[in-house]
Amino acid sequence: MNVVVCVKQVPDTTARKEFLPDNRINRAAVENVINPFDEYAIEEALRLKESQGGSVTILTMGPPSAEDSIRKALAMGADSGVLVTDPALEGSDAWSTALVLSRALARLDYDLVMTGMESTDARTGLVPAALAEQLKLASLTYASRVEIADGKVRVNRQIPGGYQEVEAVYPAVVSVVKGVNEPRYPSLKGIMAAKRKEIQKLGFSDLDLPADSAGKTGEKAKAVEVTPRPEKPAGEVIRPDSPEAAAGAIADFLQAHKFI
Amino acid sequence: MDFDLTDEQVMIRNLAREFADSEIAPRAEHFDKHKEFPYEIVAKLADLGFLGLPVPEEYGGAGADTVSYAVAVEELSRGDASVGITVAAHTSLGTMPFLLFGTEAQKQEYVPRLAAGEMLWSFGLTEPQAGSDAGATQTRAKLDGGEWVINGTKSFITNSGTRISGGVTITAMTGTREDGKPEISNLIVPTGARGYIVSRDYDKMGWRASDTHELAFTDARVPEGNLLGTRGEGFHQFLTILDGGRISVAALSVGLAQAALDSSITYAKERVQFGKPIAAFEAIQFKIADMQTEIELARLMTYKAAWLKDQGRDFRMEAGMAKLFAGEVATRAAGHAVQIHGGYGVMEEFPVARYWRDVKIGEIGEGTSEIQRLVIARLLGL
Ligand SMILES: Cc1cc2nc3c(=O)[nH]c(=O)nc-3n(C[C@H](O)[C@H](O)[C@H](O)COP(=O)(O)OP(=O)(O)OC[C@H]3O[C@@H](n4cnc5c(N)ncnc54)[C@H](O)[C@@H]3O)c2cc1C
């Protein structure tokens, strides 16, 4: 079972975000991390490798610094990485991201493509389905459980109020939800081994795509404006003397604001 | 010159930080209060490889450098100094002596299990009558029928009395040298050796979740082959061991000081008096600015000592300066932190109270601040 996990590097979710004049997040100004949802995909892929054999490859499109996220995934146990990086790809929207990833995937050998259900920065959640569309593969989104049996991949697909069980012949694209597993920490040996693992770099010219298909020029959806969430007013801090007093104070607060 | 950590060092720092934030810090209060050794945390650290961080890969370690090790101890100690010292003592005092001085057979026998964290190991130097003057050891060992027979007492020995303590390496007088001075050697004593008793458990003010016991040797017997490396080299060996250990204790102090600073900044922004957050008062800002400055300086000296060691260069002076400075900086930082928290700083539900109790040992263990000054002065030729 060879799994390619598509991993995006995103600004740390807890960091304050700044925006560039063209309404994109200023990534240089913040600490960047692996998209938290993708960590579940990496973990799930590693588990499949452990139970089925095979390999895990990390595929990332992003700036050169996104290599850090690939390294972390390699430290968790993935075998190799591919970084698609090119100034021409900057500002790609969800559709062109999927297009670029699909072209990179064309160069790889895989049974399954895994992704997180969405990224914490742009939050479109469109890439997994768009990617399946580009690859002409089945799309199994929002999986809360993934199983391989009889040449098929079977997932519990989360829907409001419960889940569907769906299956498809693989290769297929599977996106996983938060909580599908508990992502492991990279181990120290993994960190030390990661530097010896290969990260292949691809540029726009390696993808065999028309010039206007990605990046700013390939944009189908344009961010016309961003408005930061208004600052929350400072909360009220209470320091009661006992747990009972604390419970009372919280209850009073909830009642006063008509929550209970 | 390059002040940036390498990619690997950054990854190790991030891992230690993430682990400290999510697994250690939230439970530190509990372990401290109940004086409970954090077995589960130590087991997880072992799984991740933290108990063999600077151990070469051929002996089952991660093969990371000393800078990574210092950074890791710093971050773990930011979560809980007790966890930091458990890792630091196991590594620098427990494992390193085997790597530095053990025979190949001894390295093969002990190091892989220690690096994997299957067991902890401790180093027994201090005695009731031999603290700073560690060469004044009264513990004696005599050869008898192919075995060392050991008599004596060791005080304050970290990691010696846990369920996973594999043993202790001790200094002992094994005879008298030609110049009339005592001949000191290091002996490997596994837990459970006949006549070796892990006796008193101490009730400590700080590092309460770390394990510290008194050890009693009454005609304790170990095989002759349990001599660590060369006979009569014990004095030189323990000085070298302590030089390396100082880097990790310095790192521990830096981590603890950073925790005190982080708590202080958060609290100072939250606490309102006279109609504004106390962070708006210059008196508070100056304390925080001093903490920030001193902690960064202590960190730089700690990393420099570690870096020198990684370069294979003499790092003794820098390790002494780092331990001395970081220890004293951390004590000041914890003091400021309590002061900034006011009455709440005295209350155990705020972590700064624990930092304040934990921090002082950084000026005492592995050579007091006075002894660091002596080391530095001696290296200056005084
Ligand atoms: C929590 C904890 C864990 C420890 N873990 C270990 C361990 O794992 N293994 C181990 O072997 N030891 C361990 N120690 C012991 C520690 O290394 C000693 O406590 C330390 O070296 C000081 O020795 P002492 O306590 O006997 O103090 P003393 O040496 O009696 O010192 C008392 C005071 O006199 C000062 N002083 C002594 N000599 C001089 C001098 N020549 N000039 C100026 N001032 C001087 C000291 O600086 C100190 O202020 C631990 C201690 C603690 C508290």
Residue check, B:G244 against (1) among the small types (G, A, S); (2) in the same structural domain as B:E366 (by TED's automatic domain parsing); (3) in contact with a Gly (Cβ under 9 Å, 6 or more places away or on another chain); (4) within 16 Å of the ligand (Cβ to nearest atom), all met but one. Which one?
(3)
Residue count for the stretch A:35-62, restricted to those that are crowded, with 21+ Cβ neighbours inside 10 Å and of a type in the set (G, A, S):
3
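Take the stretch A:158-190 and flag every residue that is among the polar types (S, T, N, Q) and within 14 Å of chain B (Cβ to nearest Cβ). Quick ask: steps written out before the conclusion?
Within the stretch A:158-190, the subset among the polar types (S, T, N, Q) is A:158, A:164, A:175, A:181, A:187.
Answer for the stretch A:158-190, where residues must be among the polar types (S, T, N, Q) and within 14 Å of chain B (Cβ to nearest Cβ): just A:S187.
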Just for the stretch B:197-241: of the residues that are away from the ligand (no atom under 11 Å from the Cβ) and under 16 Å from the mean Cα position of the chain (by Cα), which one is farthest from B:T176 (Cα to Cα)?
B:A209
Can you name the number of the only condition in (1) surrounded by fewer than 12 Cβ atoms within 10 Å (Cβ to Cβ); (2) free of Cβ contacts under 8 Å to residues at least 24 places away in the same chain that A:V224 fails?
(2)
Can you tell me which condition A:I34 does not meet? The list is (1) within 14 Å of chain B (Cβ to nearest Cβ); (2) over 12 Å from the mean Cα position of the chain (by Cα); (3) of a type in the set (V, I, T), and all the others hold.
(2)
With the condition being closer than 30 Å to B:D47 by Cα, I'd like the helices (runs of 4 or more DSSP H) fully within the stretch A:49-162 carrying at least 3 qualifying residues.
A:67-76
Select from the stretch A:1-19 the residues that are at pLDDT 85 or above and among the hydrophobic types (A, V, I, L, M, F, W, C) and write down the one among them that is farthest from A:E219 (Cα to Cα).
A:M1
Leading residue by the ranking (surrounded by the fewest Cβ atoms within 10 Å (Cβ to Cβ)) among those in the stretch A:191-207 that are away from chain B (no Cβ under 14 Å) and of a type in the set (A, V, I, L, M):
A:L202
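Taking the stated definitions as given, is A:E236 part of a helix (DSSP H, G or I), more than 30 Å from A:R24 (Cα to Cα) and among the acidic types (D, E)?
Details: part of a helix (DSSP H, G or I): no; more than 30 Å from A:R24 (Cα to Cα): yes; among the acidic types (D, E): yes.
The answer is no for A:E236.
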Residue pairs qualifying under the 6 Å Cβ cut-off, at least six apart or on distinct chains, with the first in the stretch A:60-85 being away from chain B (no Cβ under 11 Å) and the second being surrounded by fewer than 20 Cβ atoms within 10 Å (Cβ to Cβ) and among the acidic types (D, E), are A:S80/A:E198; A:L83/A:E67
Tell me, yes or no, whether the stretch A:210-219 has at least one residue that is touching a residue at least 60 places away in the same chain (Cβ under 8 Å), over 24 Å from the mean Cα position of the chain (by Cα) and at negative phi.
yes
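Where in the stretch B:288-382 are the helices (runs of 4 or more DSSP H), entirely inside, with at least 2 residues that are more than 14 Å from every other protein chain (Cβ to nearest Cβ), over 18 Å from the mean Cα position of the chain (by Cα) and within 16 Å of the ligand (Cβ to nearest atom)? Before you say what the answer is, go through the steps one by one.
Working: elements: B:316-341, B:351-359, B:369-379.
In the stretch B:288-382, the matching helices (runs of 4 or more DSSP H) lie at B:369-379.
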When only residues in the stretch B:62-85 that are within 16 Å of the ligand (Cβ to nearest atom) and of a type in the set (A, V, I, L, M, F, W, C) count, which is nearest to the other protein chains (Cβ to nearest Cβ)?
B:V73
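The values are calculated or read from the model by the stated rules, or taken from the named source; none is laboratory data. In this text the structure is predicted, and so the values were computed from the model without any measurement. No Cβ is skipped: glycine too gets one built from the backbone with ideal geometry, and neighbour counts run over all protein chains shown.
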